[in-house]
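The values are calculated or read from the model by the stated rules, or taken from the named source; none is laboratory data. Computed from a predicted model, the values in this text were never measured in an experiment. When we count neighbours, we look across all protein chains shown, and the Cβ atoms used for this are built from the backbone with ideal geometry, even at glycine. Just so you know, the surface numbers come from the protein's heavy atoms only, side chains and all, with ligands and any DNA or RNA stripped out. Shrake-Rupley method; radii C 1.70, N 1.55, O 1.52, S 1.80 Å.
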Amino acid sequence: ETYKSGFPELDAHGFRITFPAFMPVIGPYGSGKSVFLRQLLVNLYKLHGWKFLLTSFEEKVKPRYQRDLRRHFIGKPLCTSSGEVLWTDEDEALADAEIRKSAMFLIRKRNTTMDLARLVDRIEFAARVHGIKVVAIDPVNEVEHQVPKGESKTEYMGKFIMALKALADDYGLLMIVC
């Protein structure tokens with residue numbers, strides 16, 4: 001629902017997302033940014049039907065992302081503390097079907113680089129062809145940052161962020177960067 005102003009109302013947690021948007025997720029190494037991000041992506045899909053693109057630069061989609069996304073779609077842990085398996089084959093099949101409907105993964109092939117131009121191209125394709133609404137770049141430091149000679153890293157990162165913001169504006173995306 002929206003206010004008369006056209007902005008969405010706050011949800012029960014005081015959270016509001018407008019489009020387009022650029023959302024940085026920051027924190028120290030090991031603080032749970034990626035776990036939070038995957039939970040957020042699944043919940044945005046469940047609540048609003050927003051398909052998402054998740055980068056997979058550090059971890060393999062299978063088994064890591066598949067297991068994590070399954071857990072969020074199934075809604076319970078894989079095992080009890082005593083090791084009893086809680087997921088059924090049907091649970092996994094239903095979760096996998098939801099993953100296929102909701103998610104796309106941007107993978108950097110081994111021994112290749114993912115620079116800004118390639119990243120923008122792949123995101124544009126996913127938005128145009130597959131209707132992606134949310135993009136999650138995790139982690140942004142795995143993008144190949146080629147700072148031009150004579151430009152500071154700060155200037156370059158400002159231009160990098162502005163390019164992602166422009167992409168979000170052009171396609172009405174929620175751009176999340178860890």
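Looking at (1) at pLDDT 90 or above; (2) under 17 Å from Cys178 (Cβ atoms); (3) not in a strand (DSSP E or B), can you tell me which one Tyr29 breaks? If we test Tyr29 against (1) at pLDDT 90 or above; (2) under 17 Å from Cys178 (Cβ atoms); (3) not in a strand (DSSP E or B), just (1) comes out false.
Any residue at all in the stretch 129-143 that's more than 16 Å from Met23 (Cβ to Cβ), in contact with a His (Cβ under 9 Å, 6 or more places away or on another chain) and loosely packed, with under 15 Cβ neighbours inside 10 Å? It would help to see each step written out before you state the result.
Of all residues in the stretch 129-143, those more than 16 Å from Met23 (Cβ to Cβ) come to 129-131, 141-143.
Subsequent filtering for residues that are in contact with a His (Cβ under 9 Å, 6 or more places away or on another chain) retains none.
No, the conditions are met nowhere in the stretch 129-143.
Exactly one residue out of Glu58, Glu92 is surrounded by 12 or more Cβ atoms within 10 Å (Cβ to Cβ) and part of a loop (DSSP other than H, G, I, E, B), and it is Glu58.
Inclusion of Ile107 among residues that are open to solvent by 80 Å² or more (accessible area, probe 1.4 Å) and under 26 Å from Asp169 (Cα atoms) is warranted.
Restricting the stretch 1-26 to residues that are at pLDDT 90 or above and open to solvent by less than 50 Å² (accessible area, probe 1.4 Å), which is farthest from the chain's Cα centre (by Cα)? Write out each step before concluding.
From the stretch 1-26, those at pLDDT 90 or above are 20-26; that's our starting set.
Subsequent filtering for residues that are open to solvent by less than 50 Å² (accessible area, probe 1.4 Å) retains 21, 23, 25.
On the way: Ala21: 13, Met23: 11, Val25: 11 Å.
Per the criteria, the residue is Ala21.
For the stretch 62-83, the tally of residues that are touching a helix residue (DSSP H, G or I) at 6+ places or on another chain (Cβ under 9 Å) and either aromatic (Phe, Trp, Tyr) or under 24 Å from Pro24 (Cα atoms) (or both) stands at 6.
Do the conditions hold for Glu98, that is, is it open to solvent by 50 Å² or more (accessible area, probe 1.4 Å) and more than 23 Å from Leu44 (Cα to Cα)? So Glu98 fails the test. Of all the listed residues (Ser34, Ser56), the sole one being closer than 22 Å to Glu144 by Cα and touching an Asp or Glu at 6+ places or on another chain (Cβ under 6 Å) is Ser34. Condition (residue is out of contact with any Ser or Thr (no Cβ under 7 Å at 6 or more places or on another chain) and outside any helix (DSSP H, G or I)) applied to the stretch 119-130: is it met by at least one residue? The answer is no; no qualifying residue exists.
Does Lys51 satisfy the criteria of being more than 14 Å from the chain's Cα centre (by Cα) and either among the charged types (D, E, K, R) or at pLDDT below 90 (or both)? Against the criterion (more than 14 Å from the chain's Cα centre (by Cα) and either among the charged types (D, E, K, R) or at pLDDT below 90 (or both)), Lys51 does not qualify.
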